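Colleague: Mind having a look at this structure? Questions to follow.
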Amino acid sequence: MNVFHIVDTITSIHPGSCNGYTNLTDPWRNRAFERTDWPGYPKDDRLLHNKWWRFTGIGGDRASDNCQHFAGGFIYPRDMVVNYPVNESLTPTKGSAGASSSLCRWDVIPIEWVICPGGFHVFRPLAAGHFQTGYATYIDECLKTSDTCGPDSICTNLNGTYHCTCLPGFNNTNSAEKLGTTPSCEDIDECLEYPCGEGDCKNIPASFECDCHVGYQLGPAAAPPCEDIDECLNSTICGPRSNCTNVPGKHICQCEPGYKATDPSTAPDEDNTCEGI
């Protein structure tokens, strides 16, 4: 194990964490390693308590977070439960680690986590725990680089591998399961399907916008989004002594029997009122 000491003064993180941690590089820590017929098995991590550590190397860079008996060189590997910190802080993030046997989350001990300059995490067990328990690891390919799956995609880490899917509103143009680091997620042009109805469609990344025609408006749950405006809900739109009929995109005003518009050449409204014949 290599002890790393950072010379620069670090004032924004918990003292003693990022300037005095020890690397854990053991290949046998990987949770996919389940053999038990090798010298030194089983391992025991009880002596790690109250010190700061970092997982790194081919064994893995992430603490195992699943309940798995006999894995990573341990009879009782621990599953880590923590919301990993994303900002440097003087206050460590609290978590816990329970051993996995016939029951999950057995012999739970408290853990502290800190994020260090460079984006990696270090942890400190606050108790030794039971005999033959320890910290299995895995490699999280999704954390290796920000573009593991390429732009506009979602990377999901799996045991021993990872899976890429496109963000909503994007299509995978790469037939391979792993999209890679090339721009394989292509924006879907929703406007090709004329989704707005009575409106003009503008395609935007992962979505679209509608500019509704005159007489139509965007409805909060309308399908298509542009819905007819019922102008007749305005009881005065045709003026007094008139009838309003709503039709798609507009309305029709007519005077009641025995009345006519002041200006018969145009339809009645609030200004061109219906008067007695």
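Colleague: Taking into account only those residues within the stretch 20-32 that are surrounded by 18 or more Cβ atoms within 10 Å (Cβ to Cβ) and in a loop (DSSP other than H, G, I, E, B), which is modelled with the lowest pLDDT?
Modeller: Checking each candidate, the answer is ARG31.
Colleague: So which residues in the stretch 65-76 are at pLDDT 90 or above and in a strand (DSSP E or B), if there are any at all?
Modeller: Passing the criteria: PHE74, TYR76.
Colleague: Follow-up question, since we're still on this one. Quick check on ASP79: is it within 22 Å of ASN30 (Cβ to Cβ), of a type outside the set (Lys, Arg) and in a loop (DSSP other than H, G, I, E, B)?
Modeller: Taking the combined requirement at face value, the residue does not satisfy it.
Colleague: Quick test of your reading of the structure: ALA128 fulfils all but one of (1) touching an Asp or Glu at 6+ places or on another chain (Cβ under 8 Å); (2) surrounded by fewer than 18 Cβ atoms within 10 Å (Cβ to Cβ). Name the failing condition by number.
Modeller: (1)
Colleague: Shifting gears a bit: With the checklist (1) loosely packed, with under 15 Cβ neighbours inside 10 Å; (2) closer than 30 Å to ALA206 by Cβ; (3) not aliphatic (A, V, I, L, M) in hand, flag the one item ASN66 doesn't pass.
Modeller: All conditions pass for ASN66, except number (2).
Colleague: Could you check CYS274 against (1) free of Cβ contacts under 8 Å to residues at least 24 places away in the same chain; (2) surrounded by 12 or more Cβ atoms within 10 Å (Cβ to Cβ) and say which number it fails?
Modeller: Single failed check for CYS274: (1).
Colleague: Look at GLY98 and say whether it is in the same structural domain as PHE55 (by TED's automatic domain parsing) and either outside any strand (DSSP E or B) or touching a Phe, Trp or Tyr at 6+ places or on another chain (Cβ under 9 Å) (or both).
Modeller: yes
Colleague: Assuming TYR216 fulfils every condition listed in (1) under 30 Å from PRO168 (Cα atoms); (2) out of contact with any Lys or Arg (no Cβ under 9 Å at 6 or more places or on another chain); (3) free of Cβ contacts under 8 Å to residues at least 24 places away in the same chain apart from one, which condition is it?
Modeller: Against the list (1) under 30 Å from PRO168 (Cα atoms); (2) out of contact with any Lys or Arg (no Cβ under 9 Å at 6 or more places or on another chain); (3) free of Cβ contacts under 8 Å to residues at least 24 places away in the same chain, TYR216 comes up short only on (3).
Colleague: Being free of Cβ contacts under 8 Å to residues at least 40 places away in the same chain and under 30 Å from the mean Cα position of the chain (by Cα): is that true of ASP65 here?
Modeller: yes
Colleague: Please name all residue pairs, on different chains or six or more residues apart, with Cβ atoms under 6 Å, provided the first residue is in the stretch 96-124 and is more than 19 Å from GLY60 (Cα to Cα) and the second residue is surrounded by fewer than 15 Cβ atoms within 10 Å (Cβ to Cβ) and among the small types (Gly, Ala, Ser).
Modeller: Close Cβ pairs satisfying both conditions: ILE109/ALA127.
The values are calculated or read from the model by the stated rules, or taken from the named source; none is laboratory data. Keep in mind that what you see is a predicted model, and the values were worked out from it rather than measured. Cβ atoms come from the backbone with ideal geometry, glycine included; neighbour counts cover every protein chain shown.
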